[in-house]
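The values are calculated or read from the model by the stated rules, or taken from the named source; none is laboratory data. Please read all numbers here as calculations on a predicted model, not as lab measurements. Please note: Cβ atoms are built from the backbone with ideal geometry, for glycine as well, and neighbour counts cover all protein chains shown.
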Amino acid sequence: MKDSIVKNLHWFILAYAVQMLYFTYEEKDEQYQSLIQQTPAIQSKIAREKRKLTQIEEFKKNLSSTKERVKEVVKQIEKVQRQLPTDVNDAQVQEVLGGIADKLKIKNPVQYPEAETNKGFYFAKEYVFKGRGTFLQSLIFFENLAKTERILNVKNVKITQSQEQGRGRFQIVEMETMVESFRYNENHKEKTGIDEIEAQLKVN
């Protein structure tokens, strides 16, 4: 029996080697199939990168004309910026709101300033106005507000039915609005962004 095992030992070794070779092949085949499955995604990524590269090259070609267009836009922004007043006078804005209300005989007018916000090349200052009158008076109030020399933006409006009973046929309403006034930010310099773009292109 022992002699038989020794005699056939090379067959056992060969069978073991074949089995190991099969396992190795199977492992490599799985890796190969995995790579095959990833190929479409890799090809798609390569295609995207090629498109990006083409776009970058096209952008570089048009960079000179793009610079001029951006500079022109910045000039327009600076022009608008200079048209804004350099300061906001709370008393003047409240006088405008109160003056319109007084002219229209709006009852219980109240106006007061709120916060000022830095918007970049300008500052926006908010003002609250409250009053009581007819719906028609409210409409005329905003119409007159639009005719003022100073740029005033109506940010929001709230009109509700008043508890007060009107003597005539017109319904009395409570009006509340927030108005914005603007001033020039002399410390702001609008950036073109061209330098940052060129620096990024050099990195890429």
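The residue of region 73-119 that is modelled with the lowest pLDDT, among those that are β-branched (Val, Ile, Thr) and not in a helix (DSSP H, G or I), is Thr86. State whether the residues of region 131-146 include one that is exposed (fewer than 14 other Cβ atoms within 10 Å of the Cβ), assigned by TED's automatic domain parsing to the domain that holds Lys107 and part of a strand (DSSP E or B). Scanning region 131-146, I find no residue that is exposed (fewer than 14 other Cβ atoms within 10 Å of the Cβ), assigned by TED's automatic domain parsing to the domain that holds Lys107 and part of a strand (DSSP E or B), so the answer is no.
Listed by first and then second residue, the pairs with beta-carbon distance under 8 Å, at least 6 apart or on different chains, first residue in region 167-180 and surrounded by 12 or more Cβ atoms within 10 Å (Cβ to Cβ) and part of a strand (DSSP E or B), second modelled with pLDDT under 90 and of a type in the set (Gly, Ala, Ser), are Ile172/Ser162; Ile172/Gly166; Val173/Ser162; Glu174/Ser162; Glu180/Ala124. In the set (1) modelled with pLDDT under 75; (2) exposed (fewer than 14 other Cβ atoms within 10 Å of the Cβ), the condition left unmet by Thr66 is number (2).
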